[in-house]
Every structure is written in structure tokens, then in C-alpha cells.
Amino acid sequence: MILCCGEALIDMIAEPTVSGAHGFVPHSGGAIFNTAIALGRLGAPVGVLTGLSSDMFGQQLADALKASHVDTTHVIASDRPTTLAFVQMQDGHASYSFVDENTAGRILQPEDMPTQLPAVSALYLGGISLACEPCADAYATLLDRHGTNCAVMLDPNIRSSFIKDQTRYRARLNRMIAQSDIVKVSDEDLDWIIPGPESHAEKVPLLLQAGPSVVILTRGSQGATGYLTNGVETTVPVNQVQVVDTVGAGDTFNAGVLAELNKAGHLTKPGLRALTANTLRAALALGADVAAVTVARAGANPPWAHEL
């Protein structure tokens, strides 16, 4: 099973009401939640490790996970509130304002992390959970405990507004990168992780030297490129569709990559070290396919396998 570890929250999205004014409608979301949902809909064996509230929004999130066949065995329940992200859309792009103090997801502690994961073969981590403490330290502890036995994909999805102590964040992120087998970054993420005037082609080998077997670089409309430690690289283009909005696009892309690698039997540490360009390209291509469906409809609404 692929265990997605990180935030599940409610996106409060502005929509017109019957009076004509805008109200906020609760939609299930969060980067890690979205990837778990997408994996479940693609038919991959998937579970989620997150903090869920007992409030009405926590129940909404739990119901959505079950509806998409996501295992919730490792959910950590509490009576703390659910994180709310108020979303404003402009030209198809989202900006966020978060209500995240003392929430069920954020207040996870290292001691809350499981000491055994007998049914888990791969871990997926990332999102704002890696920036918000104390849960960031909790997920780093999880990786310390299980990163040697599980294949690991990391998508830092860096949002600088969440980073209160940059030195501390960088130290934790660098350690997690070194423990990961796949690191997926946007071009903006890469420039934040490795500052300087060097080109992306010069920065990617530095990221590979840190420990991953695979680096995936996404560049918006220019597509995605996968890099292997042997110098091989492969690029897939973006599928041309009518974009409604970009909410959940990267999360769904990650699910496609993980689902294809798992289906091909390569979502293991040895399998990823021995990855070929063709296998990597197939994974990137499925990621692009599912992301294209997501951006063609409103919100983070990943496709089911039969929709491809």
C-alpha cells in the first residue's frame, strides 16, 4: 500500500449565492489528501496518515476518503478543529488564506507516528505539512522510522509564507530529500532549494547527489522532465485542454506517477534505482494525463480510471 502522509483540509471556495453575493462553499482538499483521492480513483492500493477532526468538516473528509477507496486505518482522530483554506480564484489560479491554529492536522506530534507499518510499501510526503510545526517534525520522524524500508516520494511544494524559521525548515527538508527515492519539484521549488544563477540543468544533478534515485521537474506549460542518477532524462509535454482551474493539478500528477510505477512493479527502492527511461516516461505520461483531466474541471476533482 502507498501511504500518503500529510494534510487533509477544507477549501472554502467563493461561489455566488441566491442573493447574488458570494459565499464560501466547503470542498475537501489538501495536497496530500488530493493525491490519496487520485490514487484511490486510479485503483492503486492507497491509505492516508493525517490528523482528522471529529467536527463536521472532519467527517466530510473521512467520507470523501472512503468514497474513493482510500484506507483510513492510519488516520489520527481528535476533537481539534479542521484546517480551513479560504480560496479566491482569479483567471483560473488560486490564492489561499489559511485558518490553521491548533488544528487536528497541525498539532500532530512525533510520538503520534506509528512505530510499525506492516502493510505499507511506499510513503508519499509533502505539502504544507512539511512547513507547519509541530506536524512537520512528526512527519520527519515518520520518515526517519520507515524511510529505509519503504520507497519514498517527496514533493515539498514550497510555500514560503508558511515558513517561520527558514534555517530550521531547510535543515529538515534537506534531511528528508536525502532519505527520499523520488523528489518532485516545480521550477520555483528548485530555485528555492538551490538558490543561485545556475540553470535548472545545472541544479538537478546537485539535487540527485543529495540522495534521490529520481528527480522530477515540472515547468508549467513546458511539461515535466524526469532525471535519473545515470544521466538519463526524459520529458513529457502538457496535454492541451481547456483549463478551468489549476487546483490539485500537481497533486493529481503525483498520483499518476506513483500509480504507474506501482503497477509496473518499480515502486521499491531497488526498482527505482534500476529505473529505465521508458518506465519513467510512462509514469510521467500517466501523471500528465490525469492532471489534464483535473485542470479541465472545477476544483481538485481527479479522474477515475474508467474516465481515462
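Some notes on this structure:
- Applying the criterion of being farther than 16 Å from V214 by Cα and in contact with a helix residue (DSSP H, G or I) (Cβ under 6 Å, 6 or more places away or on another chain) to the residues of the stretch 160-195, the residue that is modelled with the lowest pLDDT is F162.
- Counted residues, the stretch 96-134 - those being over 27 Å from A14 (Cβ atoms) and either surrounded by fewer than 24 Cβ atoms within 10 Å (Cβ to Cβ) or not hydroxyl-bearing (S, T, Y) (or both): 21
- Wholly enclosed helices (runs of 4 or more DSSP H) of the stretch 200-281 bearing at least 1 residues among the hydroxyl-bearing types (S, T, Y) and within 20 Å of the chain's Cα centre (by Cα): 249-263
- Cβ pairs under 6 Å, 6+ apart, first in the stretch 222-244 and in contact (Cβ under 8 Å) with a residue 60 or more places away in the chain and farther than 27 Å from A210 by Cβ, second in a loop (DSSP other than H, G, I, E, B) and basic (K, R): V244/R297
- For the stretch 265-289, a residue qualifies if it is of a type in the set (A, V, I, L, M) and buried (at least 16 other Cβ atoms within 10 Å of the Cβ), and the qualifying residues are L267, L272, L275, L280, A282, A283, L284, A285, L286, A288.
- The stretch 42-72 - residue that is assigned to a helix (DSSP H, G or I) and in contact (Cβ under 8 Å) with a residue 40 or more places away in the chain and, of those, nearest to A305 (Cα to Cα): L65
- Every residue from the stretch 242-264 that is surrounded by 19 or more Cβ atoms within 10 Å (Cβ to Cβ) and over 25 Å from L9 (Cβ atoms): E260, L261, N262
- Within the stretch 46-67, tally of residues that are within 20 Å of P303 (Cβ to Cβ) and surrounded by fewer than 19 Cβ atoms within 10 Å (Cβ to Cβ): 4
- Residue count for the stretch 146-171 under the criterion of being part of a helix (DSSP H, G or I) and over 17 Å from the mean Cα position of the chain (by Cα): the result is 8.
- Residues of the stretch 290-308 that are outside any loop (DSSP other than H, G, I, E, B) and either surrounded by 18 or more Cβ atoms within 10 Å (Cβ to Cβ) or in contact with a strand residue (DSSP E or B) (Cβ under 8 Å, 6 or more places away or on another chain) (or both): V290, A291, A292, V293, T294, V295.
- Matching residues in the stretch 223-233 - criterion: being over 21 Å from T294 (Cβ atoms) and crowded, with 20+ Cβ neighbours inside 10 Å: Y227, L228
- Looking only at the stretch 172-198, residues that are in a helix (DSSP H, G or I) and hydrophobic (A, V, I, L, M, F, W, C) come to 7 in all.
- Residue within the stretch 24-45 that is surrounded by fewer than 21 Cβ atoms within 10 Å (Cβ to Cβ) and either at pLDDT 95 or above or touching a His at 6+ places or on another chain (Cβ under 6 Å) (or both) present: yes
- Options L108, L143: the member that is of a type in the set (A, V, I, L, M), part of a loop (DSSP other than H, G, I, E, B) and more than 22 Å from G287 (Cβ to Cβ): L108
- Residue match in the stretch 23-38 (condition: part of a loop (DSSP other than H, G, I, E, B) and out of contact with any strand residue (DSSP E or B) (no Cβ under 7 Å at 6 or more places or on another chain)): no
The values are calculated or read from the model by the stated rules, or taken from the named source; none is laboratory data. All values reported here derive from a predicted model rather than from experimental measurement. Here the Cβ is made from the backbone with ideal geometry for all residues, glycine too, and neighbour counts use every protein chain on show.
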